[in-house]
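Structure first, commentary second.
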Amino acid sequence: MSSPFSRRSFLTAAAVAGAAAAAGSALSGCSSGPPAGTATWSMWSDSPQEQQVWTDFGAYVRREMRVRSLSTLTPASGYPTKLDLQLVSGTASLVTALNGWLIPTYAARGAHRPLDDLIAADPDFDTGDFYPDSRSISSFAGRTYAVGFDVAPTVLYYNRTLLEKNGIAPPSPTEPMSWDTFRGLARELSGPEGQYGFTCAPAIDDLVSWIYSAGGNVMNRAADRSILGDAEAMEAIDFVTGLFVKDRVTPPIANLVTENALANFLQGNVAFMQNGPWQVVNVRKASFDWDIVPFPAGPAGSKPRVSGSSFAIPAGVGDDQLGLAWRLLKTLTSTGALNIYARAGRNNPARLSASTAFAPPPANLGIVRRILDRRAGKLAGGHPFDVTTNWNQVRQLLGQDLPRAFLGQVGAKEAVAGLTPRLNVLMRQNQDAVRQASAKS
Amino acid sequence: MAVEVHPAAPVRAPGPPRGRRHRWRGSETLAAWLFLLPSFAGFVVFTVVPVLGAGTISLLNWNLFSSPTWAGLHNFARLGPDPTFWSALGNTAYFTFVSVPLTLLVSLGLALLLNQGLRHVALFRSLLLLPYATITVAVAFVWIWLYIPHDGLVNAVLGLVGLHGPSWLISDEWAMPALIVMSVWKSFGFGMVIFLAGLQAIPQQLYEAARVDGTSPWQSFRNVTLPLLSPSVFFVVVTSVIGSFQVFDQALVMTNGGPGSRTTTLVMYIYQTGFENYDQGYAAAQSLVLFAFIAVITGLQFLLQRRLVHYDI
């Protein structure tokens, strides 16, 4: 005799319950989200120290705006992918952090909204308090798409201990070295076994500072043609690849993925490293004395790449949320917030009124502000990082083929000649994207 | 409905009345479907819909953020003159046709060794399975360290026997072989376990009969082991070829496709096209072509199976 609750009926009931639970959990997953009025923002974060800065930002937002602050923190390497998915699915925060070189990429595709109307309607917002290079980096096709929170030129770090050990006086803290002087020093300091004069990544991001200082660029002013093969850019590429291949003043390249100038420099056996002041926080852990000096001056002077990061508002933010988003963006880029950022020693804040908070050590850190300040005369020479709407592709192309010149597998001229036709195709695609974006706006 | 019973029909075993039997069958079928439902729903949502979606997206120009526009077959037409696509396909084929036979040989060799009645077989089996069970990205970083040209372990060992190892991951000639060696090391454990199970399922009487007939160990391996292991070999070959055509993470982590584009694989190129260059339509077209390649090669393997694989003992 079968029981009222047989094995079969139990299994049937279990299957029904399972299916219902699965359906229920799927539905509940679709309905979650922060309550209306929450100030949501996203940012990359790779360490507890960075996380602390963003936690302090959250507290500042709550205090200043009197709303709930909800930040989404993601490791830097996964941040763009996560942001893409959030933008596409309409789940992005009201305000999202962007690396400056990605702004044209997102702006041209309509992922973020221009801010000019919001800026014009807000008499409290003073664009003049932001470094011109930061404003330039945050714009695309003549419109402002973001507001900066940090901005910095590439500088030259040097190992003071190593120089002293070799009886070499520290370079001038204010006067950029000439390329010849720099090369001579790098050679002189590369003599003993396992000691090197210079380190940088074999990549376009580091190479452009030399190209700008030689008076060249990756593309022409109209950004419709590559000029990497022009004499100015070639002089720079020859000079830097020569440091690797002919002079052999750099640590040997072991692979093309984990090659890391900072790690090389922190070993203590490298005299000079080019890098941004955003690495000051990491270089402070070095076991030797060090400082920073201006980037070496080429034929066009000292024109290092100036990079920066900004906050932007996704295009999908509705009119009902726009007021909150703009208030949030203003708060996150206010002098008070950037003072928190600067006090943590992260990087140079994008506002002039917050700059003084980025304090030494190193002793010569003030040089960063002098390079950024257009009124600083001879030293003021940073060059905003010129990028295209398809800079990812440009980077990929250059990242694959240029390192072969750094390795000596092909000559610099040959590498650039092979790259130029493909770069020109990308430049034309960039022009199409700019035209389409301009036509839409 | 009346059931017609023929006189010659076999005698049914006694059981519950037929009407009740039908009711039971109905509830069993319902339960079976309900149990299958989660898996089936998962298959539809995560496999069928994406494949259909990829098919649709391949006909569009879509940069992810703005509205897509109709492209027709343009994305497929772009494949022909795209040298990077063909270079990536060539690299993937090179990787597959070298790494799969090597993996097969290593897996089979180790399985035969472990099947010799060694002591502590379970321990060895677990240790040898560890590379397969480890996350590829972690393994890739370890191998980057092993491949360091000047003081990496690989070149240090080669130096002991008087060989001067190359700069593995930055060499035009050696970057892909270096990836293949790492991949074989990473994946042989899977094949080894399958082969070991296959070997242990072969009846010992067949070997005894072969011995009585005076066969050599090689003849015994060739005429008894290999034919009876052929279903396992077939399974490992099919899954390894499919996996190799989808190689991505080790190439991304260890070489980022370089030097030049020597180690750019097709899946890496699809990823770059879709998620770094925001060209979803073209990436979807590439994905469908890759799917077609894998389907054709797997189909050929199934055709060969009829001749080469023996399921009967």
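The values are calculated or read from the model by the stated rules, or taken from the named source; none is laboratory data. Not measured: the values here are computed from a predicted model. When we count neighbours, we look across all protein chains shown, and the Cβ atoms used for this are built from the backbone with ideal geometry, even at glycine. With ligands, DNA and RNA removed, areas are computed over all heavy atoms of the protein, side chains included. Shrake-Rupley method; radii C 1.70, N 1.55, O 1.52, S 1.80 Å.
Observations on the structure shown:
- Gap separating the Cα centres of the stretch A:208-258 and the stretch A:183-200, nearest whole Å: 19 Å
- Cα centroid of the stretch B:65-113 to Cα centroid of the stretch B:153-204, whole Å: 21 Å
- Alpha carbon convex hull of the stretch B:74-170, volume per residue in cubic angstrom: 176 Å³
- Each chain gives up part of its surface: A and B jointly bury about 2900 Å² of accessible area, both sides summed, for a 1.4 Å probe.
- About its Cα centre, the dipole of chain B is roughly 1300 debye, where the only charges are +1 on Lys and Arg Cβ and -1 on Asp and Glu Cβ.
- Rolling a 1.4 Å probe over the protein heavy atoms gives the stretch B:266-313 an accessible area of 53 Å² per residue.
- Here the stretch A:385-441 is assigned +1 on the Cβ of each Lys and Arg and -1 on the Cβ of each Asp and Glu. Its dipole about the Cα centre then comes out at about 120 debye.
- Of the DSSP H helices in chain A, those whose Cα atoms cover at least 30 Å axially and whose Kyte score averages -0.5 or more: A:7-30, A:412-440
- Exposure of residue A:414 as accessible area (Å², to 10), given a probe of 1.4 Å and all protein chains: 120 Å²
- Estimated FRET transfer efficiency (residue A:124, residue B:64; beta-carbon r; R0 30 Å; 0.05): 0.30
- Note on the stretch B:239-313 and the stretch A:162-181: Cα centroid distance 52 Å, given to the nearest whole angstrom.
- Separation of the alpha carbons by more than 25 angstrom is noted, of A:303/A:413; A:303/A:330; A:165/A:285, for A:303/A:330.
- Charge-dipole axis of the protein assembly as shown as Lys and Arg at +1 and Asp and Glu at -1 on Cβ define it, positive-most pick from A:86, B:77, B:196: B:196
- A 1.4 Å probe run over chain A, with the rest of the protein chains in place, finds 41 Å² accessible per residue.
- Charge dipole of the protein assembly as shown about the Cα centre (unit charges at C-beta), most positive-ward option of B:161, B:266, A:178: B:266
- Complex-versus-alone comparison for the stretch A:226-253, residues with a loss of 10 Å² or more in accessible area, probe 1.4 Å: A:252, A:253
- Nonpolar atom fraction for the protein assembly as shown, defined as the carbon and sulfur part of the 1.4 Å probe accessible area, stands at 60 percent.
- In summary, the convex hull built on the alpha carbon positions of the stretch A:46-130 has an orientation-averaged projected area of 7.1 nm².
- Ranked from largest to smallest solvent-accessible area, with a 1.4 Å probe on the protein heavy atoms, A:144, A:74 come out as A:144, A:74.
- Accessible surface of residue B:33 - all protein chains present, 1.4 Å probe, nearest 10 Å²: 150 Å²
- Debye, to nearest 20: dipole size of the protein assembly as shown, +1 on Lys, Arg Cβ, -1 on Asp, Glu Cβ: 2120 debye
- With every protein chain in place and a 1.4 angstrom probe, the accessible-area ranking of B:136, A:388, A:55, largest first, reads A:55, B:136, A:388.
- For residue B:311, the solvent-accessible surface computed with a 1.4 Å probe is close to 140 Å², ligands and nucleic acids excluded.
- Calculated P(r) tail over 40 Å for chain A, as whole % of Cα pairs: 25 percent
- Debye-sum result for chain B in log10 I(q)/I(0), which assumes one identical scatterer on each alpha carbon, at q = 0.12, 0.15 Å⁻¹: -1.02, -1.25
- Whole-Å semi-axes of the protein assembly as shown's equivalent ellipsoid (Cα gyration tensor): 55, 37, 25
- Rounded D (µm²/s) - the stretch A:227-349, Kirkwood Rh over Cα pairs, Stokes-Einstein at 10 °C, 1.306 mPa s: 86 µm²/s
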